[in-house]
Amino acid sequence: MTEGARERTIILGAAGRDFHDFNVFWKRQPDVHVVCFTATQIPDIEGRTYPPELAGPHYPAGIPIESEERLESLIAEHAVTQVAMAYSDVSHEHVMHLASRAQAAGASFRLLGARQTMIPATKPVVAVCAVRTGSGKSQTTRRVSEVLKARGHRIAVVRHPMPYGDLTRQICQRFANLADIDRHECTIEEREEYEPHIEMGNVVFAGIDYERILREAERECDVVLWDGGNNDLPFFKPTLHLVVADPHRRGHETRYYPGETNLRMADVVIINKVDTAAAADVAALEQTIKAVNPRARVLKADSPISAGDPEAIRGRRVLVVEDGPTLTHGEMAFGAGHVAARRLGAAEIVDPRPYAQGSIRAVFDKYRQITEILPAMGYGETQIAELEATIRATPCDLVLIATPIDLGRLLAIDKPAVRVRYALAEHDAAAFEQELARAVGKR
C-alpha cells in the first residue's frame with residue numbers, strides 16, 4: 001500500500017505513552033502512516049524527532065515531534081485522517097476537547113484499549129498505578145518491593161518512561177547505582193523516581209523500547225515490578241494490578257483519563273493518605289470504588305511523614321520544595337513538605353512566587369493553585385539553574401526539601417536545608433501481603 005493510501009495519523013503525546021503505543025501498535029499497522037507526534041505537558045519536547053533507529057524502515061527520516069497547539073494546521077497540512085490520544089492525567093473534558101478539535105478539522109479521534117498496548121511477560125508482574133499523579137505510587141512501589149524481597153523474591157523495577165534527552169541513548173536503560181544516573185544525565189524528574197529504589201538496592205529499568213526493556217529485566221528477576229507514571233495504564237500485562245487513590249482529590253477518580261480506566265481494571269485499590277484526609281472524603285471515595293469496581297479489594301493506608309531534623313523547623317521561616325509533577329498536572333496545592341511545616345511548627349511558609357526565576361515563573365503563571373510551595377521543576381540544565389536561583393532569591397531561614405531525592409546533590413543551596421520523607425503504612429499489612437503472595441507465589 002502506498003503512503004498516500006494509508007491512514008495518515010497524528011499521535012498526541014508527551015514523550016512517553018505515545019512512543020510506547022507507536023512501538024507496540026501503530027508501527028505494526030500496514031495501513032497506517034504516522035505523520036508526526038505532538039507534545040504537551042513537558043517543556044522543550046516539540047521540535048525534536050523520533051529517530052529512525054526507533055521509528056523503523058518505513059520512517060527513514062524519523063518522525064517529527066510538533067506542538068499540540070498546532071493540531072488543526074497539522075491535520076490540514078498532512079491530510080490527516082486519524083488522531084490518536086496517547087498521554088495521561090488529563091480530565092475527561094480535556095480529552096473531549098481534543099476529540100472535538102480533531103473532528104472539526106476533519107479527522108477521526110481514537111483511544112487505544114489497554115489490551116492493545118500491554119506486553120505479556122514471562123514472569124509475574126505487579127503493576128502499581130494510580131487514579132491521579134501524586135496519589136502515592138512511589139511509596140507504594142517501594143513498600144511492595146520491601147515485601148517481595150522479604151519473601152525471597154528477586155525483583156526488577158521497570159519505570160514508566162521519561163525520555164527527555166537523546167532518544168537514541170535511552171532505548172533501554174539500566175540503573176543500579178547513582179553513577180548510572182549521572183552517566184545517563186537524568187533530569188530531576190527521572191532522579192526522583194530512580195534514586196529511592198537504588199538506595200534500597202533495587203535495579204531500575206526504563207527507556208523507550210519496553211519490549212526489549214521487559215526482556216532485559218526478566219533476565220534478572222523472579223518478579224517484575226511496574227512503577228507507573230502519572231495515572232497511566234501499565235505497559236505490561238499485570239498479574240496483580242494495584243491502583244492508588246487519593247481522598248484529598250475525591251471525585252477525580254472518575255473524572256480523569258486514564259485514571260478511571262485504572263480504577264475499573266484494578267485488582268486492589270489502595271486508599272492512601274488516610275492519616276491526613278477527612279474521614280468523610282475517605283468514606284465517599286470507598287463508596288465510589290465499590291460502585292465502579294465491586295470486584296476490587298479495597299485497602300487503606302497512611303503516608304507517614306518524617307523530617308530529618310524536626311526541631312530545626314519550629315519557629316523558622318521555611319521555603320517548601322515539593323515534587324513538581326504532583327503540583328503541576330497533578331493539580332495538588334500542597335504536599336508532604338507543606339504538611340510537615342504546619343505540623344512541626346514553622347513560623348511561616350514563605351511564598352516563593354515573587355522570587356521565581358525564568359521558566360519557574362511561567363510554571364506559577366500556568367498552575368494557579370500553587371501558592372506557598374516551590375515545585376522542583378528540572379527538565380533540563382537551564383530549568384535546574386532557574387530552580388536554584390529561585391531558592392537563592394527567596395528570603396527564608398530554612399529550605400524544606402520534600403522531593404524524593406536530595407536536591408543538594410544537584411543544586412548549590414545557600415541556606416540550611418532539612419529533608420522530608422514519606423512512606424506507605426498499610427492499615428491491614430496481612431491483607432496487603434496476602435494479595436502479593438497470591439499474585440507471585442510463595443517462596
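The values are calculated or read from the model by the stated rules, or taken from the named source; none is laboratory data. Only a predicted model underlies this, so the values are computations on that prediction, with no experimental measurement involved. Please note: Cβ atoms are built from the backbone with ideal geometry, for glycine as well, and neighbour counts cover all protein chains shown. Accessible surface is based on the protein model in full, side chains and every heavy atom, while ligands, DNA and RNA are left aside. Shrake-Rupley method; radii C 1.70, N 1.55, O 1.52, S 1.80 Å.
Just a few scattered comments:
- Cβ-based charge dipole, the chain, positive-most Cα from Phe334, Ala362, Ala385: Phe334
- Of the residues Ile305, Val350, Gln82, the one whose Cα sits farthest towards the positive end of the charge dipole of the chain is Ile305 (charges of +1 on Lys and Arg Cβ, -1 on Asp and Glu Cβ, taken about the Cα centre).
- Averaging the sequence gap over all C-alpha pairs within less than 8 Å and six or more residues apart, then dividing by the number of residues, gives the range 354-443 a relative contact order of 23 percent.
- Charge dipole (Cα centre; +1 on Lys/Arg Cβ, -1 on Asp/Glu Cβ; no other charges) of the chain amounts to roughly 1180 debye.
- Amide H within-cut-off set for Lys300, under 5 Å, with H built and near neighbours excluded: Ile271, His427, Asp428
- Entry for Rg and Dmax of the Cα atoms in Å (calculated from the structure that is shown) out of (1) 29.1, 109; (2) 31.7, 103; (3) 21.6, 71: (3)
- Reference-scaled alpha-carbon Rg (2.2 N^0.38 Å with N residues) for the range 59-156: 1.54
- In the chain, the longest principal axis of the Cα atoms and the axis of helix 188-199 are about 70 degrees apart.
- Whole-number percent relative contact order across the chain, with pairs defined as alpha carbons under 8 Å at least 6 apart: 15
- Count, lysine Cα pairs under 27 Å in the chain, 8 or more residues apart or across chains: 25
- Cleavage-rule hits, trypsin sites (Lys or Arg not before Pro), the range 336-402, DSSP coil, Cβ neighbours within 10 Å at most 13: Arg368
- If R0 is taken as 30 Å, the Cβ-Cβ distance between His97 and Ala362 corresponds to a FRET efficiency of 0.85.
- As a calculated quantity, the FRET efficiency between Glu146 and Ala278 at R0 = 30 Å, using C-beta atoms, amounts to about 0.55.
- When only the Cβ of Lys, Arg, Asp and Glu is charged (+1, +1, -1, -1), the dipole of the range 254-353 relative to its Cα centre reaches about 200 debye.
- Heavy-atom accessible surface of Glu253, to the nearest 10 Å², is about 10 Å², with a 1.4 Å probe and all protein chains retained.
- Placing +1 on the Cβ of every Lys and Arg and -1 on the Cβ of every Asp and Glu, with nothing else charged, gives the range 25-184 a dipole about its Cα centre of roughly 1160 debye.
- Sites matching trypsin sites (Lys or Arg not before Pro) across the range 198-287 that sit in DSSP coil, with at most 11 neighbouring C-beta atoms within 10 Å: Arg219
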